[in-house]
Each structure stands twice: as C-alpha cells, then as structure tokens.
Amino acid sequence: MKNAIKAGALGLPLSLAAAGPAAAQSIDETVNQIFASSTGWFVSLIFSNFPGTSFPWIVMWLVVAATVFTLYFAFIQFRAFPHSIALVRGDYSDPNDAGEVSHFQALATALSGTVGLGNIAGVAVAVGIGGPGATFWMILAGLLGMASKFTECTLGVKYRNEYEDGTVSGGPMYYLTKGFDERGLPAGKFLAVMFSIFCILGALGGGNMFQANQAHAQLSGVLGDYPGWISGVIFAAIVFAVIVGGLKSIARVTEKVVPFMGILYVVTALVIILMNADKIGWAFGQIFDGAFTGLGVAGGMVGALIQGFKRAAFSNEAGVGSAAIAHSAVRTKEPITEGFVSLLEPFIDTVVICTMTALVIIITGQLVADPNTGLYLLDEGASTIQTVDGNKGVALTSAAFSSAFGGFQYVLAIAVILFAFSTMISWSYYGLKAWTFLFGEGKTTEIIFKVIFCIFIVIGAAANLGPVIDFSDAAIFAMAVVNIFGLYFLIPIVKAELNSYLSRLKSGEIKKFV
Amino acid sequence: MSEKIVVGYDDSEASKNALAFAVDLAKARGCAVVVAHVLEWSPYSFLTPEELAERHARRKEELERAEEALLAPVRSELSAAGVEVETTSRYGHIAETLATIATETGAKQLIVGRTGQSGLSSRIFGSVAGTLAQVSTVPVTIVP
C-alpha cells in the first residue's frame, strides 16, 4: 500500500506504462478493497434483517408503503390507468401551452432515467438468485409501486420551486420542506436534508457506479477482458463533456436513440418468447411455482420474494423519490395529472420490460434444474442458481438473448452502454439538485459535484459487481427510508387534490381539448 | 373586416420572397396580412432532465427573440407601407400550425416560401410546402 502511494507521488502514468496489465489489475483490486471496506457498514445497516428472521426490513418498508398507498387511494393505479394514457396522448393539453414540457416528455425523460440496467442486468441478478419465482414478486411490486409513484410525483409538481427566470426545481427535498410546513409538522427541513444526502449517494451508486460497472462488464464480454478503470476513464470523459462541458449534442443523440433501443429490446424479447410459444405456459408455471415454493433457490419462497421486490424497487424506483425530481418540470395547472402520468412508469418499466427479460432468461433455459426433482441446482457458494455457462448479471441476459439470435450480444452491448449513459445523465441531474439544495445554487458548487460524479464512474467500472451492487442498492433504498416516511404525512394533501380533480373531471369542468 | 392573408415567415430568403409577394397582393386587393412565425416543436420529442427544468425559460426567450428580431421589424415595415398587419408566433408542427392559424383567423389564403430542397431530406421528412398542399383548408400559394 505504501509503495503504491509512493508510486503515485512519483508519477502514476509512467509506472503504469512500465508495469502493464499486472499493475492495472491491481489498481482494480485496490479500488475494490477500499470501496468494499469503506461502504460495508452502510450496506449492512440498510439491509439488516428483522430480528430473528432473514427478511430485510427495508424491503418490507417499501412494500408496506406501496400497499398502504394502493389502499388509501383505492387502487388508483387501475382506476386512473385509461385517464393516464389520455393525458400522455395530450388529450387534455391546452394547445396554447405548445412549446412547454408535455406530459409525454416528462414521462419519457423519467423513464430514460429508470429504464436501463435494472431492467437488463438487475432482473438477471434477481432470477439468478431468486429463481423464476422472483418474477412474480417483481410484477406484484411493480403494480403496487405505481401507487407510490403517483403519490410522490403529484407532490413533486405541487411543491416545486418556480424561479423568476422560468426554470423549475422540484423533488422530495422541496415537498418535504414545504409540505411539512403547510401541515404544521416539525422536522420537514431535517428530512429534506437527509433525503438530499442519500440522493447524492444514490446518484453516485445506482445512478452511476452500477451503470459504469455493468457497461464495462458488457464491453469486456464483447471485446475480451481488460481492466475496468479503462472503461471508467472513457465513460467519465464523455459524461464530463456533457455535464460540465455542456456538450448537449451527445445527450440529445442519446435521448433519441435510447427509446428506440428500448423498443428494439422489447420487440426482440417478444419475438424470442413467441418463437418458444410452446414453453410460455411452462415458464409461467415456473414463475408461479417458484413464487410460493422457491423451487430450491437459496432462502426458498422468501428468497425469491426478497429478490423480486428488491430488483423491482431498484428498477422502477417507486417510493425512492428520484422520479419526483424529473416529473416536476411538466407544464400543468393540476399537479395530480402528473401523478396519473407517472404511475405508468413502474408499469412500463417493471410489469412490461422487466418481465420480458425474466421470461427470455427462463424460456431459453439458462437456469440449470435437476431433471429428476425439477428443483434448481445451486453453484458452489450455494447462493446463486447454476447457469448454463456460469453467467450472472448482464452476461446472463446477454447469453439468453444470443442463444436465440446469434450476435445479439453486440446489439445488447450497445443498448446497455446507451442505457447506462442516459441513466448516468439523469442521475447526475438528480444528484445535482440534491447537492444544490444542500450547498446552494452556483457555478462552483455545481462543478464540484459534477467532478465527484465523474470520479465515481471510474471507481464503479473498476470495482467488482458484488460491493457495487450492495452499495448502489443501499444508497437508493436509504432515499426511500426518508421519502416514504415523509409521504405518510403528506398523503392527505394528495387525496384532497385527487378528490377535487376527479369531481371537476366528472362535472365536465376539466375538458378535453381534442 | 378586411380579407386576410396568412404568410409563413422565418427570416429566410424564401420567406422574405413570400412576404413580398403577399404584400403586393394585399396592396392590390386591400387585404390584411397575418405574419405567422412557427417554431418547430413536438410534444413527443425527448429532452434531458436539465432541458425539462429550463424549458419554460427557454420558451419565453425564444418567443421574445422571435418578437424582437423577426416580427417587430416586419410589423413596422408593413405598417409604414400602409398595409394592415398582425403577427403571431406559435409552437408546433410547421405546416399543421400554419393551416390552423389560417383557419382560426378566417384567412382566405396562405402564402409560404420554399427552401428549394429537392434532395434526400425532403424525400424523407417531406417539406412544409408539400405538407401544406395536403392539409390546408384554404388555397396555398408557394413562392419560389
């Protein structure tokens, strides 16, 4: 370690060039060790189990909240679904507001922040550990999560800051502060500060390191193994060019390509599923059996449930509060309309896209089961299911897709990198909003955050999947701890908005424009 | 109320020709001219979170710029020439929005310039003049 520091002082680039791959590999290892040991306590705090059980309290926290919101708003995610679609189509948009942020744009931008590696790699992790049954719990969590998203995005728009120059800032830090003040509750500001701190960590974790890590995994899978920090430096340079250098053209290209990649991904998955139409019934059988028995996975039914809930929450971010930041820029007089629109997000992200990934992995037979008992075989560590080629994470999804379409791993590699990139851009913005909430707006404070953000891209690409995914999950869920706690106190405000809007919609006061 | 002619105007050479043509016509027939500036915009385009947050401000800037740099000079020029003139700037699909403006103002005809692109881009994306020929509810004059 001492020697390494000395080498750094003497000029790291020189010694690197001389030592070659061996030194490079050890950089990755050093980064990994320091990272794992410095974040371990935080991870174990968030993922500690209920005493005497193996059930992490945080998973329960998210699901209970989503269930409470679902019941409190009387299954709003199903009641309002058709109206949500009408809003996105612009049926209720005033033509005089053309040129302002539309419901569609707010939804698309929020989606490009959530659709990404969670849907491709995250699902593979869930199915790889929790078996097909994890899919069932993932879908259930996605459906319930729609109510959480509805709640937080309504509040995000209602309590956003609109500045004199016409720009807006919104998100949990604003509704926690202003909403608590309005209801005469104490500690709103304290919650807002806590949320901001966790949001910054979440931006650096799930919104950054996990993305960089899996994008590198995908690249080295296609190009052959090479040290992670090299990918990290390249990604960091591009992200730096966009968020610091203001190279909007790169972001704009990505924002246009990403939706097409998403559609291509879903269509390909559908084709693979249809090609194996005879196995669809069997696959759903596996999903239902696995959901309630575990089919031999580590932890049984509870193991499948935890994995499903965890990955769903990580993928659609319902209850996390991040989407409230993205959705709050929409142009509308009715905050509740953005709540309606946002509930489509977990549906598209989890119920549609994640389920596609899971079905493709199951249907293409990537998971190894004992032919006699039908139970899945575990690998040496007894924690993950054996796969045909020993793949896990994004490599598992890649193997599943390319088993049907040779060469799809290249398409997927491009998709993963673009998804990773657009997610990083989105989260750099979420993190920045939290950062400026804490430290004030201003060029210098903004640059400091953006530089830190880019450094973490390198760390994320260099570290191993295990510690990165643990930290990413922990940071994102820590946001949910604060956000959901606040939401419980603010739901009456949302209910009042909802009732008022629905009665005006019924009386015809709120009219369609087309 | 005098008859109205809508002109699509965006400061390009072609649109200046269209405006000049419209002014001649208006003088001859005693019509009023509606100078319409349409900013290309789709509610289904994709923006980054930062662009979302700044959108309202950008929109205000764009409309102000259109008013100052494009429409105000045209208004004073036409008024000085003794032509009755009104101006409007809108967001939307250019051809469709021009057609809407023509309908809304009750104009008798629509005059636009054309960019003269006959190449690949207009084959793929179509041209404003070409689309107007399809969607307009009033007669359209295309000024080369």
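The values are calculated or read from the model by the stated rules, or taken from the named source; none is laboratory data. Because the structure is a prediction, the values reported are computed rather than measured. Ideal geometry is used to build each Cβ from the backbone, glycine not excepted, and the neighbour counts take in all protein chains shown.
One residue stands out among those in segment B:115-144 that are among the polar types (S, T, N, Q) and surrounded by 13 or more Cβ atoms within 10 Å (Cβ to Cβ): the one that is modelled with the lowest pLDDT, which is B:Ser122. Of all residues being over 30 Å from A:Leu505 (Cβ atoms), of a type in the set (A, V, I, L, M) and part of a loop (DSSP other than H, G, I, E, B) in segment A:336-388, which is modelled with the lowest pLDDT? Just the residue, please. Checked segment A:336-388; the qualifying residue modelled with the lowest pLDDT is A:Ala382. The residues of segment A:423-438 that are within 11 Å of another protein chain (Cβ to nearest Cβ), of a type in the set (A, V, I, L, M, F, W, C) and more than 17 Å from A:Ala212 (Cβ to Cβ) amount to a single one, A:Leu432.
Taking the numbered list (1) surrounded by fewer than 23 Cβ atoms within 10 Å (Cβ to Cβ); (2) not in a loop (DSSP other than H, G, I, E, B) in turn, A:Met146 passes all entries but (1).
Here A:Gly281 clears all of (1) touching a residue at least 40 places away in the same chain (Cβ under 8 Å); (2) more than 30 Å from A:Phe439 (Cβ to Cβ) except the condition numbered (1). Would you check which residues across segment A:88-103 are within 19 Å of B:Leu39 (Cα to Cα), part of a loop (DSSP other than H, G, I, E, B) and among the acidic types (Asp, Glu) and list them? Correct list: A:Asp94, A:Glu100.
Matching residues to (1) more than 25 Å from the chain's Cα centre (by Cα); (2) within 14 Å of chain B (Cβ to nearest Cβ); (3) closer than 19 Å to A:Ala312 by Cα; (4) hydroxyl-bearing (Ser, Thr, Tyr):
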{"site": "A:Ser44", "(1), (2), (3), (4)": "no, no, no, yes"}
{"site": "A:Gly52", "(1), (2), (3), (4)": "yes, no, no, no"}
{"site": "A:Phe55", "(1), (2), (3), (4)": "no, no, yes, no"}
{"site": "A:Val68", "(1), (2), (3), (4)": "no, no, yes, no"}
{"site": "A:Ala80", "(1), (2), (3), (4)": "no, no, no, no"}
{"site": "A:Asp91", "(1), (2), (3), (4)": "yes, yes, no, no"}
{"site": "A:Glu100", "(1), (2), (3), (4)": "yes, yes, no, no"}
{"site": "A:Ala106", "(1), (2), (3), (4)": "no, yes, no, no"}
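Considered as a group, the residues in segment B:64-87 that are assigned to a loop (DSSP other than H, G, I, E, B) and touching a Lys or Arg at 6+ places or on another chain (Cβ under 8 Å) include one that is nearest to the other protein chains (Cβ to nearest Cβ), and that residue is B:Val83.
Taken as a whole, segment A:92-101 holds no residue that is touching a helix residue (DSSP H, G or I) at 6+ places or on another chain (Cβ under 6 Å), surrounded by 23 or more Cβ atoms within 10 Å (Cβ to Cβ) and small (Gly, Ala, Ser).
Conditions (1) closer than 21 Å to A:Asp473 by Cβ; (2) charged (D, E, K, R); (3) within 14 Å of chain B (Cβ to nearest Cβ), marked per residue:
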position	(1), (2), (3)
A:Pro95	no, no, yes
A:Thr114	yes, no, yes
A:Val125	yes, no, no
A:Gly128	yes, no, no
A:Thr135	yes, no, no
A:Gly142	yes, no, no
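Comparison of A:Val451, A:Val458, A:Val468 shows that the only residue that is assigned to a helix (DSSP H, G or I) and surrounded by 24 or more Cβ atoms within 10 Å (Cβ to Cβ) is A:Val468.
None of A:Ala23, A:Ala9 is out of contact with any Asp or Glu (no Cβ under 7 Å at 6 or more places or on another chain), at pLDDT below 70 and farther than 26 Å from A:Ala217 by Cβ except A:Ala9.
Scanning segment A:353-410 for residues that are within 19 Å of A:Ala134 (Cα to Cα), hydroxyl-bearing (Ser, Thr, Tyr) and more than 23 Å from the chain's Cα centre (by Cα) yields A:Thr364, A:Tyr376, A:Ser383, A:Thr387.
Right, A:Trp61: within 28 Å of A:Ala217 (Cα to Cα), assigned to a helix (DSSP H, G or I) and modelled with pLDDT of 80 or more or not? So A:Trp61 does not fit the description; no. Only residues that are part of a helix (DSSP H, G or I) and in contact with a Phe, Trp or Tyr (Cβ under 7 Å, 6 or more places away or on another chain): list them for segment B:19-63, please. Listed by number, the residues that qualify are B:Leu19, B:Pro49, B:Glu50.
For segment A:300-348, filtered to residues that are among the polar types (S, T, N, Q) and within 28 Å of A:Ser93 (Cβ to Cβ), the residue that is surrounded by the fewest Cβ atoms within 10 Å (Cβ to Cβ) is A:Thr332. Tallying residues that are within 13 Å of A:Gly486 (Cα to Cα), over 24 Å from the mean Cα position of the chain (by Cα) and either facing another protein chain (nearest Cβ under 9 Å) or of a type in the set (A, V, I, L, M, F, W, C) (or both) within segment A:157-189 yields 3.
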